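The values are calculated or read from the model by the stated rules, or taken from the named source; none is laboratory data. All of these numbers come straight from a predicted model, not from anything done at the bench. No Cβ is skipped: glycine too gets one built from the backbone with ideal geometry, and neighbour counts run over all protein chains shown. Ligands, DNA and RNA are stripped out before the accessible areas are found, and what is left, the full protein with its side chains, is counted by its heavy atoms. Shrake-Rupley method; radii C 1.70, N 1.55, O 1.52, S 1.80 Å.
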Amino acid sequence: MHTYPTHQSVVAFDVEGFSDPYRDNNAMSAVRTGIYRLVQGSFAAAGVPWESCVHEDRGDGAIVIVPADVSKVLLLDPLLSHLSASLVDYNRQ
């Protein structure tokens with residue numbers, strides 16, 4: 001029996017300037033909570049179940065491995081467009 005490779009997508013995100021001196025621990029915690037809410041919401045809106053992904057927290061972001069059976073098309077649109085719009089709204093606040 002042969003095992004054939006599968007092709008999984010990798011999504012990575014990072015908060016620019018996360019550890020800038022003007023951000024204290026409370027601010028960093030609030031930013032982390034907010035960005036994870038946005039990313040998880042964008043995955044859900046795109047029909048990509050967050051729970052089926054492997055994610056490694058990197059402190060100021062994460063690396064997410066998306067299962068091979070999830071269409072790569074979903075990661076481009078609607079996921080990226082939803083995430084982009086959510087970030088614009090979040091940054092306005």
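Taking 7 Å along the Cα-to-C-beta vector as the label spot, tell me the residue 63-residue 26 distance in nanometres, rounded to one decimal.
3.4 nm
Calculated from the structure, Rg/Rh (Cα atoms, Kirkwood Rh) equals which of [x] 0.94; [y] 1.17; [z] 1.05?
Given [x] 0.94; [y] 1.17; [z] 1.05, the calculated one carries the label [z].
Round to a whole number: what % of the accessible area of the chain belongs to carbon and sulfur, probe 1.4 Å?
On the way: 3530 of 6380 Å².
Carbon plus sulfur share of accessible area: 55 percent.
Between residue 18 and residue 1, what is the label-point separation in nm under the 7 Å Cα-to-beta-carbon projection?
4.0 nm
Answer with one residue from 59, 47, 2: the one whose Cα lies farthest towards the positive end of the charge dipole of the chain, charges on Cβ with Lys, Arg +1 and Asp, Glu -1.
47
Helix-only mean residue ellipticity at 222 nm, the chain, DSSP H runs n ≥ 4 weighted -39,500 (n - 2.57), per residue, nearest 500. What is it?
Details: 2 runs with 33 residues, N = 93.
Counting only the DSSP helices, I get -12000 deg cm²/dmol.
Below 8 Å between Cα atoms, with a sequence gap of 6+, how large is the relative contact order for the range 12-93 in percent? Could the numbers behind the result be given before it?
Working: 61 pairs, mean separation 28.4, N = 82.
Relative contact order of the range 12-93: 35 percent.
To the nearest 20 debye, what is the magnitude of the charge dipole of the range 1-66 about its Cα centre, counting +1 on the Cβ of each Lys and Arg and -1 on the Cβ of each Asp and Glu?
The dipole magnitude comes to about 160 debye.
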